[in-house]
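The values are calculated or read from the model by the stated rules, or taken from the named source; none is laboratory data. Given the structure is predicted, the values throughout are model-derived calculations rather than measurements. With ideal geometry, Cβ positions are generated from the backbone for all residues, glycine too; neighbour counts draw on all protein chains shown.
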Amino acid sequence: MKLQILWDCLELVFPKSCPCCKNVSLRNEPLVCLKCQSSMVKQRKSNHLHLNDKTYNVVSAYKFYRKGKTQKLIHEFKYNNRIEIGEFFAEKMAPHLQNIKDSKYIIPVPIHWKKERLRGYNQSYVLGKKIAELNGLQLLENVLYRKSDNKSQTKKSRYHRFSKIDGAFGLKETSMLENEHLILVDDIVTTGATVGACIRQLEKIQNIRITIVCIAN
Ligand SMILES: [Zn+2]
């Protein structure tokens, strides 16, 4: 009871706000307010990524629009130390994977260790960890690693992105993964350059199948 009073006082002094519209949240309102959530466009079907004569399913929770609310929240999650936004997104992503029954493993797209030290976390790891928890998967963070620390890809041309990022990843532990169906998790998939470079590494494992999951695409 005393703790509840203290909590109520703290809420009065430091009211919680929606990380998207910044409006003060009502009591028991979710992290992202319902008004913002209702204007984020949900993804109704899975998309495909074509790579080296193969097609991969891309499963996501939202459609990606530049300068949309989803992008704004992803930015807050990645650059403003808001891990709870990542967990909010993971809760929206997890149900989209529930019809995949033959997968045990989820692998986050790695970022370079220098970037991870600077940011404090890898955003794909945060998403993967929560999805693994919700869907009973095992998170494997030592399969892929990032070799080079490319500058942000977002403002570069499609050709430049593909040519620069190919070869940016390496493969480590793979012995247990032959014949498995892997879930590869990233925050946003637009051109597919980053996940494509990861897939080229994972395809070195014998008889592997891969599904991509992301917040938005
Ligand atoms: Zn809001």
query: For the range 68-90, how many residues meet the condition of being more than 16 Å from the ligand (Cβ to nearest atom) and surrounded by 17 or more Cβ atoms within 10 Å (Cβ to Cβ)?
result: 4
field: Residue identified as more than 16 Å from the ligand (Cβ to nearest atom), loosely packed, with under 13 Cβ neighbours inside 10 Å and touching a residue at least 60 places away in the same chain (Cβ under 8 Å) among Asn52, Asn47
entry: Asn52
- prompt: Taking the range 149-184 as the search range and keeping residues that are of a type outside the set (A, V, I, L, M), over 20 Å from Asn122 (Cα atoms) and at pLDDT 75 or above, which one is nearest to the chain's Cα centre (by Cα)?
  reply: His181
- line: Gln71 vs (1) of a type in the set (S, T, N, Q); (2) without any contact (Cβ under 8 Å) to a residue 40 or more places away in the chain; (3) under 24 Å from Val213 (Cβ atoms): all pass except (2)
query: Among the residues of the range 25-42 satisfying the criterion of being more than 10 Å from the ligand (Cβ to nearest atom) and at pLDDT below 95, which is surrounded by the most Cβ atoms within 10 Å (Cβ to Cβ)?
result: Leu26
- prompt: Can you list the helices (runs of 4 or more DSSP H) found entirely within the range 48-129 that contain at least 3 residues being in the same structural domain as Ile188 (by TED's automatic domain parsing) and within 25 Å of Ile165 (Cα to Cα)?
  reply: 69-79, 113-119
message: Need pairs with beta-carbon distance below 7 Å; first residue outside the structural domain of Phe89 (by TED's automatic domain parsing) and within the range 19-36, second more than 8 Å from the ligand (Cβ to nearest atom) and of a type in the set (Asp, Glu); sequence gap 6+ or separate chains.
response: Pro19/Glu76; Leu31/Glu84
task: State all residues of the range 55-67 that are within 16 Å of the ligand (Cβ to nearest atom) and either under 18 Å from Cys198 (Cβ atoms) or modelled with pLDDT of 95 or more (or both); if no residue qualifies, say none.
output: Tyr62
query: Just wondering, is there one or more residues in the range 3-15 that are within 16 Å of the ligand (Cβ to nearest atom) and either in contact with a Lys or Arg (Cβ under 9 Å, 6 or more places away or on another chain) or of a type in the set (Gly, Ala, Ser) (or both)?
result: no
